[in-house]
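To start, the structure itself, in structure tokens.
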Amino acid sequence: MKISIIGAGNVATNLALAFKKAGHEIVQIYNRSDDAGKELAHTVAASFTSDVSDLLDAEVYIMAVKDDVIAEIAEQLKLGDKIVAHTSGTNSKDLLKAASSKTGIFYPLQTMKKHSKVDFKNVPVLIEGSDEATVDKLEALAKTISQNVHRVDEEQRKWIHVAAVFANNFTNHIYGVSESILLGHGLPFDILKPLIYRSIENLQQNSPAELQTGPAARGDMQTIEKHLMLLADDARLQKIYEILTQSIIASVSQNHN
């Protein structure tokens with residue numbers, strides 16, 4: 001397919017590289033910032049523009065930009081009946097109505113950094129479209145880079161995104177909290193990595209509910225109180241510990257009923 005990418009950030013870069021690798025032609029990169037846009041355009045052998053009026057003809061336009069500018073950019077696009085899809089996990093495809101009569105979602109469910117190449121083979125790509133032909137086209141495109149493509153509706157996608165925030169963003173923050181605790185006492189974060197890796201491996205075959213361990217899962221209030229005393233000088237960490245402990249206790253109780 002002939003594809004144009006709107007944006008040059010983390011998601012835009014990884015998608016452009018994946019599409020190029022899959023044999024698609026990246027027609028153009030549009031980006032407000034010349035430096036980032038020109039760099040990506042050069043990498044995927046595409047033309048570059050920072051002026052929406054200079055957009056070239058393509059079959060599909062993928063808008064991989066920050067959520068808060070999707071509607072603003074869409075208002076400037078005049079794509080007729082060309083397919084335009086954004087990559088947001090929470091926003092409606094209706095934000096793109098001003099740009100085209102054929103709108104959709106192309107949401108790769110993966111954390112991405114611009115300079116860390118993503119292997120899309122197993123990355124879930126969630127697809128929506130304003131009509132069946134648009135869905136079919138976006139699904140066909142997704143299947144050229146991923147073996148894990150799903151048609152979802154808007155409500156399902158929003159719940160998936162919320163779950164992903166818990167699974168990835170919040171978990172990573174907790175890793176950061178753990179690192180801070182250890183470094184504050186002269187200990188390396190590396191000491192926890194075998195435990196973290198093992199926990200992730202266990203998820204391949206088991207439900208998280210089946211894997212829950214620790215003092216909260218055991219109802220070990222004596223250990224919990226000792227931990228809270230250790231955290232007495234940091235009200236924020238104490239609060240995080242208390243909230244998660246109560247959540248685990250409630251979940252374990254519910255699963256046993």
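The values are calculated or read from the model by the stated rules, or taken from the named source; none is laboratory data. Nothing here was measured: the structure is a model prediction, and the numbers come from that model. Reconstructed Cβ throughout: ideal geometry from the backbone, glycine too, with neighbour counts over all protein chains shown.
Quick look at the numbers
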read-out	value
Some residue of region 139-146 being in a helix (DSSP H, G or I) and over 24 Å from Ala18 (Cα atoms)	no
Boolean, Lys113 is in contact (Cβ under 8 Å) with a residue 60 or more places away in the chain and surrounded by fewer than 16 Cβ atoms within 10 Å (Cβ to Cβ)	yes
Wholly enclosed helices (runs of 4 or more DSSP H) of region 161-257 bearing at least 3 residues surrounded by fewer than 12 Cβ atoms within 10 Å (Cβ to Cβ) and not hydroxyl-bearing (Ser, Thr, Tyr)	171-183, 193-202, 208-211, 221-230, 235-256
Subset tally (residues that are small (Gly, Ala, Ser) and within 17 Å of Ile174 (Cβ to Cβ)) for region 236-257	2
Among (1) modelled with pLDDT of 95 or more; (2) closer than 21 Å to Gln110 by Cβ - the single one Ser178 does not satisfy	(2)
Number of positions in region 48-74 that are of a type outside the set (S, T, N, Q) and farther than 15 Å from Ala16 by Cα	15
Failed item, numbered, when Thr13 is tested on (1) of a type in the set (Ser, Thr, Tyr); (2) touching a residue at least 12 places away in the same chain (Cβ under 8 Å); (3) over 23 Å from Gln110 (Cα atoms)	(3)
Those residues of region 75-90 which are in contact with a helix residue (DSSP H, G or I) (Cβ under 8 Å, 6 or more places away or on another chain) and either within 21 Å of Ala16 (Cα to Cα) or modelled with pLDDT of 95 or more (or both), in sequence order	Leu77, Ile83, Val84, Ala85, His86, Thr87, Ser88, Gly89
Residue count for region 245-257, restricted to those that are in contact (Cβ under 8 Å) with a residue 40 or more places away in the chain and within 28 Å of the chain's Cα centre (by Cα)	1
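Here's the yes/no breakdown for (1) closer than 27 Å to Ala133 by Cα; (2) modelled with pLDDT under 95:
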{"site": "Ala12", "(1), (2)": "yes, no"}
{"site": "Ala18", "(1), (2)": "yes, no"}
{"site": "Gln28", "(1), (2)": "yes, no"}
{"site": "Arg32", "(1), (2)": "no, yes"}
{"site": "Phe48", "(1), (2)": "no, no"}
{"site": "Val52", "(1), (2)": "yes, yes"}
{"site": "Ala58", "(1), (2)": "yes, no"}
{"site": "Tyr61", "(1), (2)": "yes, no"}
{"site": "Ile70", "(1), (2)": "yes, no"}
